[in-house]
Amino acid sequence: MIYVLIVFLPALAAVLVGLLGRRLGDRASQLLTCLAVTASALLSLVVFFDIALGSGEPQRVQLLTWILSEELRVQWALYVDTLTAVMLVVVNVVSALVHWYSIGYMDHDPHKPRFMAYLSLFTFAMLMLVTADNLVQMFFGWEGVGLASYLLIGFWYEKPSANAAAIKAFVVNRVGDFGFALGIFGIFFVFGAVDFASIFQTAPNVAGKTWTFLGMQLDILTTLTMLLFVGAMGKSAQLFLHTWLPDAMEGPTPVSALIHAATMVTAGVFMVCRLSPVFEYAPDTLAVVTIIGASTAFFAATVGLVQNDIKRIVAYSTCSQLGYMFMAVGLSAYSAAMFHLFTHAFFKALLFLGSGAVIHALHDEQDIRRMGGLWSIMPLTGIMMWAGTLSLAGIPFFSGYYSKDLIVEVAFAGHGLVAQYAFWMALIGVFLTAFYSSRLMWMTFHGPARAEKSVMAHAHEPPLVMGIPLMILTLGAIAVGFFTHDYFTGHEMQEFWRESLLVLGDHDPIEAAHHAPLWFKFVPLGLAGAGIALSWYMYIRNPALPRRIAETNWPLYQFLLNKWYFDELYDLVFVRPARWLGRTLWKGGDGRIIDGFGPDGLAAMVGNLARRAGQAQTGYLYHYAFAMLIGIALIVTWFLVAG
């Protein structure tokens, strides 16, 4: 019963508030959704201590038979093991804090019930995804979070930019979801089942076998896992399918924290970890995952260096950290990836909600060039955001230090060119992450105030309903890594994960990382410290230096500022040809050919005949008498000729 409550309490709240929000009123709607998700969060902690930290075995709760069509049998069931328990804590705890925070942040919005209903709907969809017992049920949750994210990103639908961002997120994710759907079709074709237990049991027998796909002889599991990974790339905003993530900042800040920090964007990482018993038999796919993850970590970090929108900087930080997670997944360090997912949820949600507190205090100002000097006005918010920043940068002994540095050590201990590439990208990313994250802090809270005096005069710390969630997340950003690293990746790892994750062979990447040389463990710390020190020098000690560097390296600066021109490239390659083709088919095919020769053409011909017939109606009697005489003459002539 406890598992059913965890999943369906947010769904019940979403339905009630969505349908009866106007009758319930703003405050009742907010409290109903907040209490429902908070109850799910508390129950999730109970499940975590029982399943993951206790001696509890994985639990499966069958709800009903969903699809029964010849060989296709899909049960609707909730499966809870350690991997699911970790995700339940991440999703529900962060979602509960975001719900409560939204009471204060959305205080002046006229559509509070609709917003709270959307948040709860998103939470339910994410819970369906992480508790899925089979791929079809996972796909249901997968598409559910896509729909909810579309609604939340475009919540302020009167803004054209919000509408465009919501559509962009929806369309780009459909590209990835198409690959995911093809992977599910292929899984059923090969395995004859879509439930995880059957797939994992049969996977060793399929390993090494080939089939003909797109006219090529390819390894079966490599093909299937590559298709599944395309879905993960879209949902987790990896390189090439990442373009929706920064634009999604058009939604309210609580949306950014919930969707883009801890939950939806981590769905791809969770999916690959859940399917580790399949991915382990596809080493070529794991190599691709590593390269994409490492490239994403580097790409997003370089773009984050020059962004000026406070939320976009944190968004590119999310994109980069997701790259680290996929880097770990590709190197078979699934537990390290999940550990970073777990710690990242707390410090990244903290940074997003802290940014929201700053935006709220500065009357919706988001440009860090118009901030500064807030430390004296909002010291508590500054302290909490510094905790999140230091955790993100990997400073001992904050939470991010334990998980992020471990991924760098895994890459260092790896073998082959792919691991070396990941290692160097990870090291560069450590320096860049520390630089751009501390740059945000220096420009926002320190130095001279650059905002208007009237704005600064009204700046203030967030109210308690916003401040308490920030405090809880701060504790997580500081302490959660220290208290859980032994379970996720330390001495208790085997007992903690049990059979949730599979790593083949004798090589244990986590064990190899723990045996990295002692001197190397100080390398990421030195790079992070150098990044923070350099950003202090450039933005506090010598604030004219960044402009001179940008002017000196103008092409590079523009390249990074325009996000490597991915949007422009996609517009040139995909959007414009699609628009031209659509307009041609519309105007030429549909308008001129189909309508021209079809209904419009027939109607025009009938109208033309009617006009010509109408011209014969002159109204003169002698015209009509003459016509009758001609007609009689023709009839008489026909009879004579015929006779």
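The values are calculated or read from the model by the stated rules, or taken from the named source; none is laboratory data. Here the structure is a predicted model, which is why all the values come from computation and not from measurement. Neighbour counts run over all protein chains shown; Cβ positions are idealised from the backbone, glycine included. Only protein heavy atoms, including side chains, enter the accessible area calculation; ligands, DNA and RNA are left aside. Shrake-Rupley method; radii C 1.70, N 1.55, O 1.52, S 1.80 Å.
Summary table below
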item	result
Cα-based convex hull volume of region 119-264 per residue, rounded to whole Å³	106
Solvent-accessible area per residue for the chain (1.4 angstrom probe, square angstrom)	43
Ordering of 342-353, 464-475, 283-294 by packing [mean C-beta count within 10 Å, highest first]	342-353, 283-294, 464-475
Whole-number D in µm²/s for the chain (Stokes-Einstein; Kirkwood sum over Cα pairs; 37 °C, 0.692 mPa s)	123
Gyration tensor (alpha-carbon) shape descriptor, region 402-447, a/c threshold 1.5	prolate
Share of pairwise Cα separations in region 535-577, more than 17 Å, in percent	52
log₁₀ of I(q)/I(0) at q = 0.13, 0.16 Å⁻¹ - region 263-365, Debye sum with one point per alpha carbon	-0.50, -0.70
Above-threshold pairs, the threshold being 25 Å between Cα atoms, out of LYS168/LYS563; LYS159/LYS311; LYS453/LYS563; LYS235/LYS521	LYS453/LYS563; LYS235/LYS521
Rounded if a/c under 1.5, otherwise prolate or oblate - region 340-495, Cα gyration tensor axes	oblate
Net lengthening on full extension, GLN62/TRP424 (0.36 nm per residue, minus Cα-Cα)	125.7 nm
For region 1-71, the Rg and Dmax computed from alpha carbons only, in angstrom	16.3, 49
Computed Rg/Rh of region 216-257, alpha carbon atoms with Kirkwood Rh	1.23
Other-chain or far-sequence residues with amide H under 5 Å of TRP66's (modelled H)	VAL74, GLN75, TRP76
Under the Debye formula (equal points on every Cα, no solvent term), log10 I(q)/I(0) of region 567-635 at q = 0.17, 0.28 Å⁻¹	-0.78, -1.07
Dimensions (Å) - region 181-326, Cα atoms, principal axes, largest first	51, 25, 23
Debye log10 I(q)/I(0) at q = 0.22 Å⁻¹ for region 196-274, Cα point scatterers	-1.00
Spread of Cα-to-Cα distances over 10 Å intervals beginning at zero, given as percent, for region 450-513	16, 26, 20, 15, 12, 10, 1
At 1.567 mPa s and 4 °C, Stokes D of region 508-643 from Kirkwood alpha-carbon radius, µm² per second	51
Simple label model, 7 Å out from Cα along Cβ direction - LYS453 to ASP309, nm	3.2
Computed [θ] at 222 nm, deg cm²/dmol, the chain (DSSP H ≥ 4; -39,500 (n - 2.57); rounded to nearest 500)	-22500 deg cm²/dmol
Extended-chain gain in nm, criterion 0.36 nm per residue less alpha-carbon gap, ASP595 and LEU569	5.9 nm
Over region 274-331: Kirkwood hydrodynamic radius from C-alpha pairwise inverse distances, Å	11.9
Shape call, region 448-565: gyration tensor on alpha carbons, a/c limit 1.5	oblate
Ranked packing of 607-615, 269-277, 85-93, most packed first, by mean Cβ within 10 Å	85-93, 269-277, 607-615
